[in-house]
Every structure is written in C-alpha cells, then in structure tokens.
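> Questions regarding the structure given below will be posed in turn.
The values are calculated or read from the model by the stated rules, or taken from the named source; none is laboratory data. The structure displayed is predicted, hence computed values, not measured ones. Don't worry about glycine lacking a Cβ; one is built from the backbone with ideal geometry, like all the others, and counts go over all protein chains shown. The protein model used for the area step is the full one, side chains on, heavy atoms only, and it has no ligands, DNA or RNA in it. Shrake-Rupley method; radii C 1.70, N 1.55, O 1.52, S 1.80 Å.
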Amino acid sequence: MGFKIKNICCIGAGYVGGPTMAVIADNCPHLKINVVDINLERINLWNSSNLNELPIYEPGLDKIIERCRGKNLFFSNELETNIAIADMIFISVNTPTKNKGLGAGKASDLKWVELCARKVAKYARGYTIVVEKSTLPVRTAEVIKNILEAAELESNEKDIKFDVLSNPEFLAEGSAIKDLEFPDRVLIGGENEDAILCLSNIYSLWVEKNKILHTNIWSSELAKLTANAFLAQRISSINSISALCEATGADVREVARAIGTDNRIGSKFLDSGPGFGGSCFKKDILNLVYLSNYFGLPEVAEFWEGIVKLNNWHQHRISKLIVKKLFGTVSGKKICILGFAFKANTNDTRESAAINICNDLLEEGAVLFIHDPKVDPKQIEKDLDRKENIQLKGYKDSNFYEFEGNWCSINDINSASQGSDAIVVLTEWKEYSLLDWVEISKKMRKPAWVFDVRSIITREKLTNLNLNFWQIGDGSEY
Ligand code: NAD
Ligand code: UGA
C-alpha cells in the first residue's frame, strides 16, 4: 500500500508513553514524534533543561532525552494540532481500576481511553493508524473502532479513515530502557496487514524480525493481561512459600534456587519480598477477574482473584510480624523504613507494599523515619494520607512517645538510626546492601531489630553486632 509514517503522536506522557516514545525517537531519526498530555505540569517537567527533573526516573532515560528532545521528540499539551498531523497515534493513557459504577473495584476504567478515541475521531485527518499501547480489557479495540467508524461516517472529508492495532507494552519500570531496546518480543494485534506492517517496520529498525509477533487483535489484548497475571502469580506463589519456610525451618532462597534450576520453571521472578506493587499487576488481574465473571466463568475468576488476596495478606503479614517481634507493640517506637518505591530504580510508588506496611505500623503508633533515594516526600504524604512531621527531624531524644503515629523523611540513614528500635528494608535499592552496620548498630536502641524483607543483607554482616535479624522466608529460627 506504500503508506509512509512520518509523524507520530503519543497521547499520554507517563511511565509508558515517555520512555517508549523516547526509544522509538532514538532509533528512528526519520520520524517526528509528539508526545502530548493534558497534565501540563508533567509536560513542563519533560521539557525541563535540568534532566534530573524529568517526571520519571528510569536509568538511561535522561541520556536519550538529551539526544532526541527538540530534534525529533517533542513534549506538549497541544493535543488537537498534533493529532491532526499524525499518521500514527499511540494511546498510552492510564487505565486504572474503576472506583464506582458497574464493575467497580475490578473492571478497568476506560474513561480516558474513550476520551482519547473521541479526540482522535474529531481531529485526525486522512488515513490514521491508531495503536492501543495502554493495557486494555479484551475487545476494547471494538469500542475504539466504533467511535472512529462513527467519525468516518460523519466526516465530510472523504478520505478520513482509521485502522486500530493493539500493541501492548511489556516494559518493567526500573529497566524500561533496556526492555524497550532489547525486548523479548513485540506484540502487534490487528486485522489490516498493511497497518500491521507499518508498525512492524518501525520496530524492525532495532528489533529482530522473529521477535515481532503478529496475532489477532483479541489475542494481543488478552496476552498482555495474561502475561501480567502469570508474573504476579509467581510472586504470590513464592511469597506463600516464604511463610511456610519460616514456619518449617526451610529457606525460601534455597527453595527458589532448587526449583528455578528446573528449565520448565525457570529462575526469574522467584524473589520473595514484601508483596508485589506497581500500577499494573493488581489492576490487570482484577480486570481478568471481572472479564471471567462477565463471560460466565466464576471458577476462573476465583482462581486469579486468589493471587491478589494472597498478596494483600502477605503485606499485612509483614507488618504484624514486625509488631510481634517488637514485644507486641510499636507504639512510640522509632522505626527506620528503607525504601518506599514499589521496586528499586524507579520513583513510582503506586500500589507499593510500603504503603500498606507503613500505614499498619503508623496505625499501631510507630514513629517512622522513611528513606527512599528517588521518591519525593510529597508523594509519600499523598500515599500515607498523612502530613510529614518536620518537627521530628530535629528531635534528639530517644523517647518518641509524643510523636506516636507520625512520620518524617530522611536523607542520612546512619544518623537517622540513632535511638531506633528497628530498621525495615522494603525496597531493594543497591545502597541498602552497602550500609555500615557496625556504625548503625552502635546507634540503635537495644534490643534492636533489622527486618530484611528483600534479602539484600547477608547475615554475616550483622554477626556480633548485638542486632536481632529477621529475613523474609528464613526459617532458621524455627
Ligand atoms: P501514567 O499514569 O504514568 O500516564 C498516563 C498519562 O496519560 C498521564 O500523564 C495522564 O495525564 C495522561 N492522560 C490521561 N488522559 C489523557 C487524555 N485524555 N489526553 C491526554 N493525556 C491523558 O500511566 P502509565 O504507567 O504510563 O500507564 C499507561 C498504560 O500503560 C496503562 O494502561 C498501563 O496499564 C500500561 N502499562 C504500564 C506499564 C508501567 O510500567 N507503568 C507497563 C506496561 C503497560
Ligand atoms: C510489570 C511487568 O514485569 C511488565 O512486563 C509489565 O509491562 C508491567 O508490569 C505493566 O504492565 O505495568 P513492573 O510492575 O514495572 O512490571 O515491575 P516488576 O519488575 O514486574 O515488579 C512488580 C512487583 O513485583 C514489584 O513490586 C517487585 O518488587 C515485585 N517482584 C518482582 C517480587 O517481589 N519478586 C520478584 O521476583 C519480581
């Protein structure tokens, strides 16, 4: 058909839209890419001359932005004009779980996707390929198509025409750039072979052809939900085993190594931790649960819902365990929390296990000193729905009773450990594996506890330091 893509527009400048378009721009200098978003504050940060201010922290992203921004990659809030000139439009907006109405608590809220489809229907000109990049319930392409087809019929312009493709994104935060540059696969679902080829041709500039998979549109949509459900299922599986290890004298790392050497199981995604977080696992599984029920498959729905239930139970299990070890009460006790992001190498805190665990401890009256190298304390305030108590920062006494249920952010872990009763590692930031435990131990109030929920501290580092040590899934105390 010979249709040539010159201008791309991506609607949504978030954790997916930003890095994905940056990598496409970097590999396709002949394409002009406009990333648009209604959130002007976010757009301004994408355009900031200080690359440390980009709205998203991803290793390697700043370098690509520096290379491409202003050359063939542009960030703005001008949706209409950029939609009008685009040959291909990626929809990369958020699809959170619905919080009211039909399917509340499970189904995805497609409000933002529908808004985008309507905007595209109104402003697009000529032939436009619309690509679903957001993770969507099966058969969403039909909704988008309906809206676009209505526009085709209404249009006075004879040549207005659309094709819809599904091209779900599999990047993981913290390794987004690597995942985009060296993907395991690129999945493209659609009906029109020419449109599929247009998108394949873009990816084939840096991805091997045999890794670009073509499927029908519904398989593509469902494959994305299924991939996340399988990954999350592994984490709930290993976390359930960690509890059993602690109860029986086994060690979850040894169990994981033993089963991971079986090729059929594989060694990845077997790290027990505080429970999975992130914006997608829970939302995508709940979406699968909703769809299964909708299509009359309650047993399937129940199976997948169990993964989310286990994850929730596991997060609260950790906070209960901390309280139990600290003589059944954390009221007025100082606890240092290391890590608030849902995983290392990201500033994202959405659904982070730290939120539930910290909230539980605050409810019990603990005084939390929270450290994270990338998360803004303002974000922690939002997540915990409690203001940071700045007064705490300068407080020198080891008696924290008057601050029960308060928290503050910290930059220096060593000095913050002064007078603390416990240190809890919730995110696997590399710097937490390099802490000077000799110095920290001198400062903590005894008997003191170290809770390593991410298996990043070696037991030997704490020997003879008069510290009690608990590690996830370690049954050695049994
Ligand atoms: P995000 O919340 O970080 O970004 C979405 C952006 O879309 C926001 O900046 C928002 O302002 C913008 N937006 C919403 N409605 C808009 C509209 N009508 N017009 C213009 N802009 C609009 O979300 P995200 O993490 O980038 O996720 C986006 C989608 O990608 C979701 O469906 C998610 O499930 C999927 N996904 C996310 C990841 C991830 O690691 N975060 C990975 C793969 C897939
Ligand atoms: C996940 C998937 O890995 C991506 O393929 C997918 O594109 C993305 O969701 C999405 O659709 O949003 P992400 O949530 O960014 O990516 O990060 P993961 O590395 O999958 O980690 C998710 C959670 O599981 C984190 O809280 C992490 O700490 C936890 N996890 C992961 C473990 O507890 N143990 C592990 O072995 C692996």
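> Over segment 223-351, calculate the relative contact order: mean separation of alpha carbon pairs under 8 Å at least 6 apart, over the residue count, as a percent.
26 percent
> Follow-up. Would you mind getting me the FRET efficiency between Lys324 and Asp376? Use the beta-carbon distance for r and R0 = 22 Å, nearest 0.05.
Computed FRET efficiency for Lys324 and Asp376: 0.10.
> Can you tell me how segment 1-82 classifies by the Cα gyration tensor, rounded, prolate or oblate, using a/c under 1.5 as the rounded cut?
Cα axes put segment 1-82 in the oblate bin.
> For Gly103, what charge total do you get from the other residues with a beta carbon under 13 Å from its beta carbon, if Lys and Arg give +1 and Asp and Glu give -1?
+4
> Then there is this: How much of the DSSP beta bridge set in the chain is antiparallel, as a percent to the nearest 5?
Looking only at bridges with both residues in the chain, the antiparallel portion is about 5 percent.
> Also, quick follow-up: Of the accessible area of the chain, with the probe set at 1.4 angstrom, what percent is carbon plus sulfur?
C and S fraction of accessible area: 51 percent.
> I need the phi-derived Karplus couplings for segment 160-166: 6.51 cos²θ - 1.76 cosθ + 1.60, θ = phi - 60°, integer Hz, Gly and Pro marked x.
6, 7, 10, 10, 10, 10, 9
> Accessible surface of Met88 in the full protein assembly, 1.4 angstrom probe, to the nearest 10 Å²?
Result for Met88: roughly 0 Å² accessible.
> Right, something else. What do you reckon, how do His30, His316, His371, His214 stack up by accessible area (1.4 Å probe), largest on top?
The most accessible residue leads, giving His30, His214, His316, His371.
> Moving on to the next point. In whole Å, how far is the Cα centre of segment 414-478 from that of segment 71-106?
44 Å
> For Phe269 and Tyr395, what is the calculated FRET efficiency with R₀ set at 56 Å and r taken between the beta-carbons, to the nearest 0.05?
After rounding to 0.05, the efficiency reads 0.85.
> Let me ask something additional. Contour minus end-to-end for Glu114 and Asn192, with contour as 0.36 nm per residue of separation and end-to-end as the Cα-Cα distance?
Residue separation times 0.36 nm, minus the Cα-Cα distance, leaves 25.9 nm.
> If packing is taken as the mean number of other Cβ atoms within 10 Å per residue, what is the order of 271-282, 96-107, 412-423, highest first?
Order by mean packing, descending: 271-282, 412-423, 96-107.
> When a/c reaches 1.5 or more, the comparison of a/b and b/c decides; with that in mind, is segment 37-79 rounded, prolate or oblate per its Cα gyration tensor?
oblate
> Follow-up question, since we're still on this one. How much of the calculated P(r) for segment 430-472 lies past 17 Å, in percent of all Cα pairs?
Tail of P(r) above 17 Å: 23 percent of Cα pairs.
> Count the net charge of all other residues whose Cβ sits under 14 Å from the Cβ of Gly60, scoring Lys and Arg as +1 and Asp and Glu as -1.
Residues near Gly60 contribute -4 overall.
> With each pseudo-label sitting 7 Å past Cα toward Cβ, what's the Lys442-Glu302 distance in nm, one decimal?
Taking the simple label geometry, Lys442 and Glu302 are separated by 5.9 nm.
> Please enumerate, by chain and number, the lysines with C-alpha under 25 Å from the C-alpha of Lys461, excluding those fewer than 8 residues away in the same chain.
Qualifying lysines at Cα under 25 Å: Lys324, Lys325, Lys333, Lys334, Lys343, Lys430, Lys442, Lys443, Lys446.
> Here is a follow-up. Sum -39500 (n - 2.57) across every DSSP H segment of at least 4 residues in the chain, then divide by the residue count to get the 222 nm mean residue ellipticity, nearest 500.
Value at 222 nm, helices only, nearest 500: -12500 deg cm²/dmol.
> Local charge sum around Glu428 (other residues, Cβ-Cβ under 14 Å, Lys/Arg +1, Asp/Glu -1)?
Residues near Glu428 contribute 0 overall.
> How high is the FRET efficiency between Asp159 and Thr215 when r is their beta carbon distance and R₀ equals 22 Å, given to the nearest 0.05?
The pair Asp159/Thr215 has a calculated efficiency of 0.15.
> So if I place +1 on the C-beta of Lys and Arg and -1 on the C-beta of Asp and Glu, and nothing else carries charge, what would the dipole magnitude of segment 334-414 be about its Cα centre? I want it in debye, nearest 20.
That gives a dipole near 280 debye.
> Quote to one decimal, in nm, the extra length available between Ser433 and Asn414 on full extension: 0.36 nm per residue of separation minus the C-alpha distance between them.
Here the segment from Ser433 to Asn414 would lengthen by 5.5 nm.
> Here is a follow-up. Direction-averaged shadow area of the convex hull around the Cα atoms of the chain, nm²?
24.3 nm²
> Here is a follow-up. For Asp474, Asp397, give me the order by solvent-accessible area with a 1.4 Å probe, most accessible first, ignoring ligands, DNA and RNA.
Greatest to least solvent exposure: Asp397, Asp474.
> Using 11 Å as the cut-off for backbone N distance, which residues of segment 406-431 belong to the label zone defined by a point 7 Å from the Cα of Lys461 along Cα→Cβ?
429-431
> Shifting gears a bit: Among the lysines, which have Cα under 29 Å from the Cα of Lys209 when same-chain residues fewer than 8 positions away are ignored?
Result set, ordered by chain and number: Lys4, Lys6, Lys32, Lys63, Lys71, Lys133, Lys145, Lys161, Lys178, Lys224, Lys268.
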